[in-house]
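Following: one structure in structure tokens, then a few remarks.
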Amino acid sequence: MVETQIRFEDGLSYERYMGDWSRRVGTVFLDWLALPSGLKWIDVGCGNGAFTELIVERCAPTEVRGIDPSEAQLDFARKRHAARLAKFDRGDAMALPFPRSAFDAAIMALVIFFVPNPAKGVAEMTRVVRPGGMVAAYAWDILGGGFTLEPLRIELRAMGIKPVDPPTVEASRIEVMRDLWTGAGLDAVETRQITVQRTFSNFEEFWTITALGSPSTRPTLAAMSPADAELFKTRVRARLPGDAAGRITYESRANAVKGRVPA
């Protein structure tokens, strides 16, 4: 039986697989937020610190706090260059260990569909941000076909295998994200989609980083017979033809939302 819980316990593997994608989306996302320098930020569900580092590099914050439930991911984050400014602690998105109005901006990057009660998570971000401050998030458009694993998910479904979804995947829908933000009492709520591309040098690099690096596909692959695993790989290869040099390029899409805490 395939284990359906997605576990993030390998910071390096996650960095190779998702860290690159997160920064590609995160760069566009931060430009969209258009926040000034000198702010205090909290990165909720910071994981291995990929997006936290982007905040440090691009936003000139005075303080950044990263919160995540995985000690393995936090250990990786603390070794980043961003750790010169950011502080990483274990914590729960639904019970942030900070007082009211402690930050100027609260962010969830690729996290909201893992929060057991997304509304409570948004309410907590709103609580710890000062009046007039920003609460924002982005999440893969999984149900709309925008996930980084979509080429694999298509072939899994064709083979009669249900892909593993995050526990609260409905929260990644752009209309649901908007409702969560307005339901938390946030003002000036806006949404948008962000589409990015990534290129792999060849199919084997793509397969190693994506199929073998994703915590949602590894248990599925491990549960397959050798014949089915090879068939699956062959089908994915056919779905992602390389260019003349063998490079694999494809797009992924995220939904984003932002709003202001009422002044």
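Annotations
- Residue that is modelled with the lowest pLDDT [pool: residues in the stretch 41-80 that are surrounded by fewer than 19 Cβ atoms within 10 Å (Cβ to Cβ) and either at positive phi or basic (Lys, Arg) (or both)]: LYS79
- Subset of the stretch 245-263 (residues that are touching a Leu at 6+ places or on another chain (Cβ under 8 Å) and loosely packed, with under 13 Cβ neighbours inside 10 Å): PRO262
- Scanning the stretch 127-143 for residues that are in contact (Cβ under 8 Å) with a residue 60 or more places away in the chain, of a type outside the set (Lys, Arg) and surrounded by fewer than 20 Cβ atoms within 10 Å (Cβ to Cβ) returns PRO131, GLY132.
- Every condition in (1) part of a loop (DSSP other than H, G, I, E, B); (2) at pLDDT below 95; (3) over 19 Å from PHE113 (Cα atoms) is met by PRO262 except one, and the failing one is (2).
- When restricted to residues that are of a type outside the set (A, V, I, L, M, F, W, C) and assigned to a helix (DSSP H, G or I), the stretch 114-134 contains 6.
Residues are listed down the side, and each one gets a yes or a no for (1) acidic (Asp, Glu); (2) under 26 Å from TRP41 (Cβ atoms):
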{"site": "VAL115", "(1), (2)": "no, yes"}
{"site": "GLY132", "(1), (2)": "no, yes"}
{"site": "GLY146", "(1), (2)": "no, yes"}
{"site": "LEU156", "(1), (2)": "no, no"}
{"site": "ASP179", "(1), (2)": "yes, yes"}
{"site": "THR210", "(1), (2)": "no, no"}
{"site": "GLY213", "(1), (2)": "no, no"}
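- Conditions (1) at pLDDT 95 or above; (2) among the hydroxyl-bearing types (Ser, Thr, Tyr); (3) within 21 Å of the chain's Cα centre (by Cα); number of the one not met by SER201: (3)
- Which listed residue is more than 27 Å from TRP32 (Cα to Cα) and buried (at least 21 other Cβ atoms within 10 Å of the Cβ), from LEU152, LEU110, LEU186: LEU152
- Test: residue in the stretch 223-244 that is exposed (fewer than 13 other Cβ atoms within 10 Å of the Cβ), at pLDDT 95 or above and in contact with a strand residue (DSSP E or B) (Cβ under 6 Å, 6 or more places away or on another chain): no
- Residue match in the stretch 184-198 (condition: within 26 Å of ALA229 (Cβ to Cβ) and assigned to a strand (DSSP E or B)): yes
- Of THR220, THR249, all but one fail to be over 17 Å from MET18 (Cα atoms), among the β-branched types (Val, Ile, Thr) and within 25 Å of the chain's Cα centre (by Cα); the exception is THR220.
- Residue among GLY121, GLY66, GLY146 that alone is in contact (Cβ under 8 Å) with a residue 40 or more places away in the chain and under 21 Å from ARG260 (Cα atoms): GLY121
- Among the residues of the stretch 141-183, the one identified as within 27 Å of ALA227 (Cα to Cα) and polar (S, T, N, Q) is THR148.
- All positions within the stretch 168-182 that are surrounded by fewer than 16 Cβ atoms within 10 Å (Cβ to Cβ) and within 25 Å of THR220 (Cα to Cα): GLU170
- The set of residues in the stretch 164-202 that are among the aliphatic types (A, V, I, L, M) and closer than 30 Å to PRO262 by Cα comprises VAL169, ALA171, ILE174, VAL176, MET177, LEU180, ALA184, LEU186, ALA188, VAL189, ILE194.
- Those residues of the stretch 155-167 which are surrounded by fewer than 18 Cβ atoms within 10 Å (Cβ to Cβ) and either touching a residue at least 40 places away in the same chain (Cβ under 8 Å) or in a loop (DSSP other than H, G, I, E, B) (or both), in sequence order: ALA158, MET159, GLY160, ILE161, LYS162, PRO163, ASP165, PRO167
The values are calculated or read from the model by the stated rules, or taken from the named source; none is laboratory data. Source: prediction; values computed, not measured. Cβ atoms come from the backbone with ideal geometry, glycine included; neighbour counts cover every protein chain shown.
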